[in-house]
Amino acid sequence: MMVQNSKIVIKGMGLTELQTWCESVGETSFRGIQLYEWMYKKGVERADKMLNISQKFRNYLDEHAILSTLELELATQSKLEETIKYLFRLKDNQFIETVSMVQENRHTVCISSQIGCNVDCDFCATGKMGFIRNLSIGEIVDQLIYVRNNVESPITNVVFMGMGEPFLNYDRVIKSAGIFHNPRGFNLGKHRITISTAGILPKIKQFIDEEQKYKLAISLNASNDDVRDNIMPINKKWNIRQIIKEGKRFSSLKRRQVMFEYVLMKGINDSIENAIELASLLNGVDCKLNIIPYNESDGVYQRPTEKSLNDFLNILHANQNGYRILVRWSKGQDIEAGCGQLIYKEKFATDIN
Ligand code: SF4
(Lines give C-alpha, C1' and ligand atoms only; values in the text may rest on other atoms or scores of the structure.)
Protein backbone atom coordinates (compact mmCIF):
# COMPACT_ATOMS: atom_id res chain seq x y z
CA MET A 1 0.00 0.00 0.00
CA MET A 2 1.46 3.36 -1.00
CA VAL A 3 1.54 6.11 1.62
CA GLN A 4 2.30 9.80 0.93
CA ASN A 5 2.38 12.39 3.75
CA SER A 6 0.65 9.81 5.97
CA LYS A 7 -2.22 9.47 3.47
CA ILE A 8 -2.98 6.22 1.60
CA VAL A 9 -2.77 6.50 -2.20
CA ILE A 10 -5.97 4.79 -3.26
CA LYS A 11 -5.79 6.02 -6.87
CA GLY A 12 -4.44 3.03 -8.77
CA MET A 13 -5.93 0.38 -6.50
CA GLY A 14 -7.81 -2.41 -8.28
CA LEU A 15 -11.35 -3.43 -7.40
CA THR A 16 -10.47 -6.17 -4.90
CA GLU A 17 -7.80 -4.02 -3.29
CA LEU A 18 -10.27 -1.16 -2.81
CA GLN A 19 -12.87 -3.51 -1.36
CA THR A 20 -10.32 -4.93 1.09
CA TRP A 21 -9.16 -1.45 2.04
CA CYS A 22 -12.73 -0.26 2.63
CA GLU A 23 -13.35 -3.23 4.92
CA SER A 24 -10.10 -2.52 6.77
CA VAL A 25 -11.32 0.99 7.63
CA GLY A 26 -14.74 -0.17 8.81
CA GLU A 27 -16.74 0.25 5.59
CA THR A 28 -18.49 -2.41 3.52
CA SER A 29 -16.80 -3.96 0.49
CA PHE A 30 -19.59 -2.42 -1.61
CA ARG A 31 -18.00 0.98 -0.86
CA GLY A 32 -14.96 -0.31 -2.75
CA ILE A 33 -17.08 -0.83 -5.87
CA GLN A 34 -18.51 2.66 -5.51
CA LEU A 35 -15.05 4.18 -5.09
CA TYR A 36 -13.75 2.26 -8.11
CA GLU A 37 -16.56 3.63 -10.26
CA TRP A 38 -16.24 7.19 -8.97
CA MET A 39 -12.52 7.26 -9.63
CA TYR A 40 -12.22 5.37 -12.90
CA LYS A 41 -15.59 5.35 -14.62
CA LYS A 42 -16.57 8.92 -13.68
CA GLY A 43 -13.12 10.41 -13.19
CA VAL A 44 -14.05 12.18 -9.94
CA GLU A 45 -11.04 13.30 -7.91
CA ARG A 46 -12.70 14.82 -4.84
CA ALA A 47 -14.47 12.92 -2.10
CA ASP A 48 -17.14 15.64 -1.66
CA LYS A 49 -18.40 14.87 -5.17
CA MET A 50 -18.97 11.17 -4.43
CA LEU A 51 -22.62 11.70 -3.69
CA ASN A 52 -23.79 8.18 -2.92
CA ILE A 53 -21.12 7.75 -0.23
CA SER A 54 -21.90 8.71 3.36
CA GLN A 55 -20.70 12.11 4.60
CA LYS A 56 -18.72 10.36 7.33
CA PHE A 57 -16.74 8.26 4.82
CA ARG A 58 -16.28 11.26 2.51
CA ASN A 59 -14.70 13.11 5.43
CA TYR A 60 -12.52 10.07 6.12
CA LEU A 61 -11.38 10.00 2.48
CA ASP A 62 -10.56 13.69 2.62
CA GLU A 63 -8.36 13.21 5.63
CA HIS A 64 -6.74 9.88 4.88
CA ALA A 65 -6.73 9.14 1.14
CA ILE A 66 -5.06 10.50 -2.01
CA LEU A 67 -7.43 10.49 -4.97
CA SER A 68 -5.30 12.29 -7.54
CA THR A 69 -1.60 11.85 -8.33
CA LEU A 70 -0.78 14.57 -10.85
CA GLU A 71 -1.57 18.10 -11.91
CA LEU A 72 -1.29 19.85 -15.23
CA GLU A 73 1.79 21.98 -15.70
CA LEU A 74 1.39 22.81 -19.39
CA ALA A 75 -0.81 21.87 -22.35
CA THR A 76 0.48 22.56 -25.86
CA GLN A 77 -1.90 22.42 -28.80
CA SER A 78 -0.58 21.55 -32.27
CA LYS A 79 -1.34 24.05 -35.01
CA LEU A 80 -1.27 21.30 -37.60
CA GLU A 81 -3.59 18.69 -36.12
CA GLU A 82 -5.99 18.02 -33.30
CA THR A 83 -3.13 16.96 -31.08
CA ILE A 84 -2.36 18.17 -27.56
CA LYS A 85 0.74 17.41 -25.54
CA TYR A 86 0.29 17.55 -21.76
CA LEU A 87 3.06 18.05 -19.27
CA PHE A 88 2.10 16.80 -15.82
CA ARG A 89 3.74 17.51 -12.48
CA LEU A 90 3.80 14.58 -10.09
CA LYS A 91 3.73 14.77 -6.28
CA ASP A 92 7.54 14.47 -6.08
CA ASN A 93 7.95 17.31 -8.60
CA GLN A 94 8.94 15.01 -11.43
CA PHE A 95 7.35 15.52 -14.85
CA ILE A 96 5.81 13.27 -17.47
CA GLU A 97 4.20 13.83 -20.85
CA THR A 98 1.03 12.46 -22.41
CA VAL A 99 -0.29 13.04 -25.92
CA SER A 100 -3.91 13.17 -27.08
CA MET A 101 -4.51 12.75 -30.83
CA VAL A 102 -7.93 13.12 -32.40
CA GLN A 103 -8.50 12.18 -36.02
CA GLU A 104 -12.03 11.83 -37.31
CA ASN A 105 -13.77 9.38 -34.96
CA ARG A 106 -10.58 8.11 -33.41
CA HIS A 107 -9.12 9.55 -30.23
CA THR A 108 -5.83 7.91 -29.27
CA VAL A 109 -4.01 8.74 -26.06
CA CYS A 110 -0.31 7.96 -25.83
CA ILE A 111 0.64 7.50 -22.17
CA SER A 112 3.90 7.27 -20.26
CA SER A 113 4.87 4.37 -18.02
CA GLN A 114 8.19 5.59 -16.60
CA ILE A 115 9.96 8.88 -15.90
CA GLY A 116 12.84 8.72 -18.38
CA CYS A 117 14.07 5.38 -19.68
CA ASN A 118 17.26 3.35 -19.47
CA VAL A 119 16.84 1.32 -22.66
CA ASP A 120 18.91 3.99 -24.39
CA CYS A 121 17.64 3.81 -27.96
CA ASP A 122 19.97 6.22 -29.69
CA PHE A 123 17.30 8.04 -31.71
CA CYS A 124 14.93 8.66 -28.77
CA ALA A 125 14.70 11.89 -26.79
CA THR A 126 13.29 10.15 -23.69
CA GLY A 127 16.28 7.79 -23.63
CA LYS A 128 18.59 10.82 -23.27
CA MET A 129 17.01 11.63 -19.89
CA GLY A 130 18.19 8.35 -18.36
CA PHE A 131 15.92 6.47 -15.98
CA ILE A 132 14.41 8.31 -13.00
CA ARG A 133 11.67 5.99 -11.72
CA ASN A 134 8.69 3.84 -12.62
CA LEU A 135 5.26 5.43 -12.56
CA SER A 136 2.69 4.16 -10.07
CA ILE A 137 -0.58 2.68 -11.33
CA GLY A 138 -2.34 5.85 -10.17
CA GLU A 139 0.05 8.04 -12.18
CA ILE A 140 -0.51 5.93 -15.29
CA VAL A 141 -4.29 5.90 -14.92
CA ASP A 142 -4.53 9.61 -14.02
CA GLN A 143 -3.05 10.56 -17.42
CA LEU A 144 -6.05 9.01 -19.13
CA ILE A 145 -8.50 10.44 -16.61
CA TYR A 146 -7.16 13.95 -17.21
CA VAL A 147 -7.47 13.64 -20.98
CA ARG A 148 -10.96 12.14 -20.73
CA ASN A 149 -12.10 14.99 -18.47
CA ASN A 150 -10.63 17.68 -20.72
CA VAL A 151 -10.98 16.58 -24.34
CA GLU A 152 -14.46 16.36 -25.76
CA SER A 153 -13.93 13.40 -28.13
CA PRO A 154 -14.41 10.08 -26.34
CA ILE A 155 -11.18 8.11 -25.98
CA THR A 156 -11.17 5.17 -28.39
CA ASN A 157 -7.59 3.90 -28.05
CA VAL A 158 -4.78 3.96 -25.56
CA VAL A 159 -1.18 3.19 -26.44
CA PHE A 160 1.69 2.67 -24.00
CA MET A 161 4.14 4.46 -26.27
CA GLY A 162 4.95 7.59 -24.26
CA MET A 163 7.95 8.00 -21.98
CA GLY A 164 9.53 4.78 -20.77
CA GLU A 165 9.66 1.09 -21.60
CA PRO A 166 6.31 -0.36 -20.44
CA PHE A 167 7.68 -3.88 -20.01
CA LEU A 168 10.22 -2.61 -17.47
CA ASN A 169 7.25 -1.53 -15.35
CA TYR A 170 5.33 -4.65 -16.32
CA ASP A 171 3.06 -5.34 -13.33
CA ARG A 172 1.80 -1.78 -13.02
CA VAL A 173 1.28 -1.43 -16.76
CA ILE A 174 -0.77 -4.63 -16.86
CA LYS A 175 -2.82 -3.56 -13.83
CA SER A 176 -3.44 -0.12 -15.37
CA ALA A 177 -4.56 -1.81 -18.60
CA GLY A 178 -6.95 -3.86 -16.43
CA ILE A 179 -8.55 -0.64 -15.13
CA PHE A 180 -8.81 0.72 -18.69
CA HIS A 181 -10.49 -2.49 -19.83
CA ASN A 182 -12.80 -3.07 -16.83
CA PRO A 183 -16.46 -2.22 -17.59
CA ARG A 184 -16.62 -0.52 -14.15
CA GLY A 185 -13.51 1.46 -15.13
CA PHE A 186 -12.88 2.95 -18.58
CA ASN A 187 -14.63 0.11 -20.39
CA LEU A 188 -12.18 0.15 -23.33
CA GLY A 189 -12.13 -3.00 -25.47
CA LYS A 190 -9.02 -5.18 -25.13
CA HIS A 191 -8.07 -4.46 -28.75
CA ARG A 192 -8.16 -0.75 -27.99
CA ILE A 193 -5.21 -1.06 -25.62
CA THR A 194 -1.72 -1.47 -27.12
CA ILE A 195 1.48 -2.09 -25.22
CA SER A 196 4.63 -1.26 -27.14
CA THR A 197 8.05 -2.63 -26.22
CA ALA A 198 11.59 -2.13 -27.47
CA GLY A 199 11.97 -5.91 -27.19
CA ILE A 200 12.35 -6.97 -23.54
CA LEU A 201 12.26 -10.65 -24.43
CA PRO A 202 11.50 -12.28 -21.03
CA LYS A 203 8.56 -9.90 -20.56
CA ILE A 204 7.26 -10.53 -24.09
CA LYS A 205 7.33 -14.24 -23.24
CA GLN A 206 5.55 -13.58 -19.92
CA PHE A 207 2.93 -11.45 -21.68
CA ILE A 208 2.24 -14.29 -24.13
CA ASP A 209 2.36 -17.07 -21.50
CA GLU A 210 -0.04 -15.19 -19.25
CA GLU A 211 -2.38 -14.82 -22.24
CA GLN A 212 -2.71 -11.09 -21.70
CA LYS A 213 -5.50 -9.87 -23.91
CA TYR A 214 -4.07 -6.55 -25.05
CA LYS A 215 -2.38 -5.74 -28.35
CA LEU A 216 1.39 -6.09 -28.59
CA ALA A 217 3.69 -3.82 -30.60
CA ILE A 218 7.44 -4.42 -30.88
CA SER A 219 9.90 -1.76 -32.09
CA LEU A 220 12.09 -3.47 -34.65
CA ASN A 221 13.68 -0.46 -36.38
CA ALA A 222 16.36 -2.42 -38.22
CA SER A 223 16.66 -5.21 -40.74
CA ASN A 224 19.88 -6.68 -39.35
CA ASP A 225 21.63 -7.01 -36.00
CA ASP A 226 24.53 -4.69 -36.90
CA VAL A 227 22.21 -1.73 -37.42
CA ARG A 228 19.97 -2.63 -34.48
CA ASP A 229 22.99 -3.06 -32.16
CA ASN A 230 23.94 0.53 -33.01
CA ILE A 231 20.60 2.23 -32.62
CA MET A 232 19.05 -0.03 -29.96
CA PRO A 233 21.73 -1.45 -27.63
CA ILE A 234 19.10 -3.79 -26.12
CA ASN A 235 19.59 -5.83 -29.32
CA LYS A 236 22.92 -7.08 -27.98
CA LYS A 237 20.96 -8.88 -25.29
CA TRP A 238 17.94 -10.03 -27.32
CA ASN A 239 18.46 -9.98 -31.07
CA ILE A 240 16.14 -9.57 -34.03
CA ARG A 241 15.51 -13.25 -34.69
CA GLN A 242 14.59 -13.92 -31.05
CA ILE A 243 12.20 -10.98 -31.11
CA ILE A 244 10.56 -12.02 -34.37
CA LYS A 245 10.23 -15.60 -33.12
CA GLU A 246 8.27 -14.40 -30.07
CA GLY A 247 6.20 -12.06 -32.24
CA LYS A 248 5.25 -15.05 -34.38
CA ARG A 249 4.32 -17.03 -31.27
CA PHE A 250 2.05 -14.17 -30.14
CA SER A 251 0.31 -14.06 -33.53
CA SER A 252 -0.22 -17.79 -33.69
CA LEU A 253 -1.38 -18.29 -30.09
CA LYS A 254 -3.51 -15.19 -29.80
CA ARG A 255 -4.90 -15.34 -33.34
CA ARG A 256 -4.13 -11.64 -33.40
CA GLN A 257 -1.35 -10.04 -35.36
CA VAL A 258 1.67 -8.67 -33.56
CA MET A 259 2.67 -5.20 -34.77
CA PHE A 260 6.30 -4.58 -35.69
CA GLU A 261 7.25 -0.93 -35.73
CA TYR A 262 10.00 0.35 -37.97
CA VAL A 263 11.09 3.96 -37.53
CA LEU A 264 12.64 4.85 -40.88
CA MET A 265 15.77 7.01 -40.58
CA LYS A 266 17.72 8.50 -43.45
CA GLY A 267 20.98 6.71 -44.18
CA ILE A 268 20.54 4.40 -41.18
CA ASN A 269 17.91 1.80 -42.05
CA ASP A 270 16.18 3.10 -45.21
CA SER A 271 18.25 1.61 -48.04
CA ILE A 272 17.05 -0.77 -50.75
CA GLU A 273 19.17 -3.51 -49.10
CA ASN A 274 17.46 -2.84 -45.76
CA ALA A 275 14.04 -3.18 -47.40
CA ILE A 276 15.03 -6.49 -49.02
CA GLU A 277 16.40 -7.79 -45.70
CA LEU A 278 13.26 -6.71 -43.85
CA ALA A 279 10.97 -8.36 -46.41
CA SER A 280 12.95 -11.55 -46.04
CA LEU A 281 12.93 -11.42 -42.21
CA LEU A 282 9.16 -11.06 -42.17
CA ASN A 283 8.49 -13.46 -45.03
CA GLY A 284 5.52 -15.59 -43.97
CA VAL A 285 5.14 -13.87 -40.58
CA ASP A 286 1.53 -13.05 -39.76
CA CYS A 287 2.00 -9.47 -38.57
CA LYS A 288 1.44 -5.80 -39.20
CA LEU A 289 4.44 -3.74 -40.16
CA ASN A 290 4.15 -0.12 -39.16
CA ILE A 291 6.58 2.15 -41.03
CA ILE A 292 7.09 5.45 -39.17
CA PRO A 293 9.14 8.17 -40.91
CA TYR A 294 11.44 9.55 -38.19
CA ASN A 295 10.51 12.71 -36.27
CA GLU A 296 13.61 14.84 -36.13
CA SER A 297 14.40 16.03 -32.62
CA ASP A 298 18.08 16.73 -32.06
CA GLY A 299 19.55 16.83 -35.56
CA VAL A 300 21.55 13.60 -35.32
CA TYR A 301 19.00 11.45 -37.11
CA GLN A 302 16.94 12.59 -40.05
CA ARG A 303 13.68 11.83 -41.76
CA PRO A 304 14.10 9.86 -45.04
CA THR A 305 13.40 11.58 -48.34
CA GLU A 306 10.06 10.92 -49.96
CA LYS A 307 11.81 8.99 -52.72
CA SER A 308 13.62 6.65 -50.36
CA LEU A 309 10.40 6.12 -48.38
CA ASN A 310 8.56 5.18 -51.58
CA ASP A 311 11.40 2.94 -52.82
CA PHE A 312 11.45 1.21 -49.44
CA LEU A 313 7.70 0.67 -49.46
CA ASN A 314 7.70 -0.56 -53.08
CA ILE A 315 10.14 -3.32 -52.22
CA LEU A 316 8.14 -4.36 -49.18
CA HIS A 317 4.94 -4.45 -51.23
CA ALA A 318 6.58 -6.37 -54.08
CA ASN A 319 7.80 -9.07 -51.67
CA GLN A 320 4.80 -8.99 -49.36
CA ASN A 321 3.99 -12.38 -47.88
CA GLY A 322 2.09 -12.65 -44.60
CA TYR A 323 2.66 -9.15 -43.28
CA ARG A 324 0.48 -6.07 -43.73
CA ILE A 325 2.17 -2.72 -44.30
CA LEU A 326 0.96 0.53 -42.76
CA VAL A 327 2.63 3.93 -42.86
CA ARG A 328 2.14 6.11 -39.81
CA TRP A 329 3.03 9.77 -39.85
CA SER A 330 3.36 10.84 -36.24
CA LYS A 331 1.04 13.54 -34.99
CA GLY A 332 2.04 16.77 -33.31
CA GLN A 333 5.55 17.15 -34.67
CA ASP A 334 5.35 20.95 -34.35
CA ILE A 335 4.99 20.49 -30.58
CA GLU A 336 7.48 17.60 -30.33
CA ALA A 337 4.75 15.15 -29.47
CA GLY A 338 5.70 12.55 -32.10
CA CYS A 339 7.13 9.10 -31.45
CA GLY A 340 10.53 9.31 -29.77
CA GLN A 341 10.24 13.05 -29.12
CA LEU A 342 8.88 13.05 -25.57
CA ILE A 343 11.23 14.62 -23.09
CA TYR A 344 10.78 17.26 -20.47
CA LYS A 345 13.42 19.67 -21.72
CA GLU A 346 13.59 22.23 -18.92
CA LYS A 347 13.85 19.50 -16.32
CA PHE A 348 16.40 17.66 -18.41
CA ALA A 349 18.44 20.85 -18.76
CA THR A 350 18.41 21.31 -14.97
CA ASP A 351 19.43 17.72 -14.43
CA ILE A 352 22.44 17.83 -16.72
CA ASN A 353 23.69 21.24 -15.65
S1 SF4 B 1 12.28 4.33 -27.67
FE2 SF4 B 1 11.14 3.67 -25.84
S3 SF4 B 1 12.45 2.07 -24.97
FE4 SF4 B 1 13.76 3.22 -26.39
S5 SF4 B 1 14.76 4.79 -25.08
FE6 SF4 B 1 12.88 5.69 -25.94
S7 SF4 B 1 11.34 5.39 -24.39
FE8 SF4 B 1 13.00 3.97 -23.94
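The values are calculated or read from the model by the stated rules, or taken from the named source; none is laboratory data. Please read all numbers here as calculations on a predicted model, not as lab measurements. Cβ atoms come from the backbone with ideal geometry, glycine included; neighbour counts cover every protein chain shown. We work out accessible area using only protein heavy atoms, side chains counted, and drop any ligands, DNA or RNA first. Shrake-Rupley method; radii C 1.70, N 1.55, O 1.52, S 1.80 Å.
Gln103 meets each of the listed conditions (1) within 13 Å of the ligand (Cβ to nearest atom); (2) at pLDDT below 95 apart from (1).
Each residue in the range 73-96 was checked for being within 16 Å of the ligand (Cβ to nearest atom), open to solvent by 10 Å² or more (accessible area, probe 1.4 Å) and either under 17 Å from the mean Cα position of the chain (by Cα) or within 15 Å of Val159 (Cβ to Cβ) (or both), and 2 of them qualify.
Looking only at residues of the range 139-160 that are part of a loop (DSSP other than H, G, I, E, B) and among the hydrophobic types (A, V, I, L, M, F, W, C), we find that the one that is nearest to Asp171 (Cα to Cα) is Ile155. Taken as a whole, the structure places Ser196 among residues that are closer than 17 Å to Met259 by Cβ, among the polar types (S, T, N, Q) and within 16 Å of the ligand (Cβ to nearest atom). Filtered by the rule that a residue be open to solvent by less than 70 Å² (accessible area, probe 1.4 Å), within 21 Å of the chain's Cα centre (by Cα) and either acidic (Asp, Glu) or more than 16 Å from the ligand (Cβ to nearest atom) (or both), the range 210-255 gives Gln212, Tyr214, Lys215, Ile244, Glu246, Gly247, Phe250, Ser251, Lys254.
Considering Tyr344, Tyr262, the condition of being modelled with pLDDT under 95, of a type outside the set (A, V, I, L, M) and crowded, with 18+ Cβ neighbours inside 10 Å is satisfied by Tyr344 alone. Could you list, in sequence order, the residues of the range 122-167 that are open to solvent by 30 Å² or more (accessible area, probe 1.4 Å), among the charged types (D, E, K, R), more than 16 Å from the ligand (Cβ to nearest atom) and in contact (Cβ under 8 Å) with a residue 24 or more places away in the chain? The one that is open to solvent by 30 Å² or more (accessible area, probe 1.4 Å), among the charged types (D, E, K, R), more than 16 Å from the ligand (Cβ to nearest atom) and in contact (Cβ under 8 Å) with a residue 24 or more places away in the chain: Arg148.
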